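Below is one structure, written out as structure tokens; the observations come after it.
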Amino acid sequence: MAGGDRDLTGRRILLGVAGGIAAYKVVEVARRLTRLGASVHVAMTHSASRFVGSLTFETLTRNKVLTDVMELDAASEIVHVELGKRVDLIVIAPATANLIARLAHGLAEDPITVTALASPAPLLIIPAMDHHMWANAATQANVETLRERGAHILLPVRGELASGEVGWGRMQEPEAIVEAVCAQFGPGPLAGRKILVTAGGTREPIDPVRYIGNHSSGKMGLAVAQEAARRGADVTLLYGAISVPLSAGIKAEHTPTAADMAAAVQRIAKDCDALVMAAAVADYRPASIASQKIKKGTDLTLQLTSTTDILSSIAGLPLIKVGFAAETEQLLSAARDKLRRKQLDLIVANDVTAEGSGFGSNTNQVTILGRDGSMEELPLLTKTEVAARILDRVQELFDERS
Ligand SMILES: Cc1cc2nc3c(=O)[nH]c(=O)nc-3n(C[C@H](O)[C@H](O)[C@H](O)COP(=O)(O)O)c2cc1C
């Protein structure tokens, strides 16, 4: 499959750029991976920055480039350690003879080797160098050491080198590199599954300028969509008001009101294998919408009417249904009741008043209840981790059904 056909949404890639002439071609690699939806984090050696500027990578990837081993982030965390923990793959291109030697010997003196040493992520090494350097026994032994430890090597090809000579050592072209990166991810455990995710809060108009809304940021739903895409699913995201950027590469449709979201779910869910309803959908909307801005005056009474209950409206469909219960009291009993009434397979119960949980925060503490009576109480986790736990359960349900 051509690299350009693949979806890398939600994949986090560290692209290590060392000091070889081929660094300029890696700019194109960064651009292509980003366009395929990956979150690309570039780390550069000092020599690499003599060949190409960090500003170029930063502009293309929209992520800060790591150039300093000693760097701390805003939360005073060690950047390379945090980055190492978060990335799914480390790609080093061009991998110079010098860098390969450092990596093989566990030397951690530049932003690439220090991150690679601190990371459990798989390594894809893409050497580029003069043909004598490549053929040198030291280089070959170092490459072999790294291969034995599990690194994947995209071997250089024979061609014209920076010196003007022709030989083995020329870096593979950006297209082949992108293909090799895509191949590292494989098809993913949710490949072939269509998953519909809703996120954010709906807004119910009162008049042309006012609405009834809620505090949902969309972070939880977006995390589910990204994680599902990362696992290879074909994801469609329906979103209301959100305060975080959408991921490039995920099919997304804006559904501002509860009625818009209900119509879209009813249209799309019948072709899907699972629905995760993480959106905070309004239960009520104004019974009528004023055509002009309501003038300031005496007290105003708004009459509200119920919105369509989206999950109940698709109760007959055979797809796996996951709901959320955002509550402020009697969390588990309310969640169990919702699970039963709406014929869900799973419900994610979430006390939105708890410390570090709920609207807008980056973390969540939830309990996942199953139709089978199961109850999984999770600790305080990032929303990405919560999304992963939810999708683990969805995967189990797919396995049970097939
Ligand atoms: C113009 C020029 C081109 C170079 N190209 C390469 C190359 O393609 N591969 C390589 O291994 N080293 C190359 N070098 C040598 C490296 O830049 C040098 O070994 C450096 O220390 C590598 O540092 P790094 O591995 O920390 O990035 C080149 C040097 C110069 C001056």
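The values are calculated or read from the model by the stated rules, or taken from the named source; none is laboratory data. Given the structure is predicted, the values throughout are model-derived calculations rather than measurements. For neighbour counting, all protein chains shown are included, and Cβ atoms are generated from backbone atoms with ideal geometry for every residue, glycine included.
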If you take the residues in the range 54-102 that are assigned to a strand (DSSP E or B) and surrounded by fewer than 17 Cβ atoms within 10 Å (Cβ to Cβ), which one is farthest from the ligand (Cβ to nearest atom)? L72
Within the range 276-319, track down each residue that is in a strand (DSSP E or B) and surrounded by fewer than 23 Cβ atoms within 10 Å (Cβ to Cβ). Y284, P286, L304, T305, S306
Condition first: part of a loop (DSSP other than H, G, I, E, B), more than 12 Å from the ligand (Cβ to nearest atom) and out of contact with any strand residue (DSSP E or B) (no Cβ under 6 Å at 6 or more places or on another chain). Now tell me which residues in the range 136-163 satisfy that. R149, G150, L155
Can you work out which of the residues in the range 38-53 that are in a helix (DSSP H, G or I) and surrounded by fewer than 24 Cβ atoms within 10 Å (Cβ to Cβ) is farthest from the ligand (Cβ to nearest atom)? S49
Residue pairs meeting the criteria (Cβ under 7 Å; at least 6 apart or on separate chains; first farther than 10 Å from P174 by Cα and within 6 Å of the ligand (Cβ to nearest atom), in the range 16-27; second part of a helix (DSSP H, G or I) and aliphatic (A, V, I, L, M)): A18/A48; A18/L99; A18/I112; G19/A48
Out of the residues in the range 114-135 that are crowded, with 24+ Cβ neighbours inside 10 Å and not aliphatic (A, V, I, L, M), state the one that is farthest from the ligand (Cβ to nearest atom). T115
With respect to L107, is the statement that it is closer than 26 Å to P127 by Cβ, touching a strand residue (DSSP E or B) at 6+ places or on another chain (Cβ under 7 Å), not in a strand (DSSP E or B) and not β-branched (V, I, T) true? no
Given the structure, is A108 more than 20 Å from V181 (Cα to Cα) and either more than 15 Å from the ligand (Cβ to nearest atom) or outside the structural domain of G16 (by TED's automatic domain parsing) (or both)? no
Just to be sure I understand the filter: pairs with C-beta atoms under 6 Å, separated by 6 or more residues or on different chains, first member in the range 122-143 and of a type in the set (F, W, Y), second member buried (at least 19 other Cβ atoms within 10 Å of the Cβ). Which pairs pass? W134/G169
Does F324 count as aromatic (F, W, Y) and part of a loop (DSSP other than H, G, I, E, B)? no
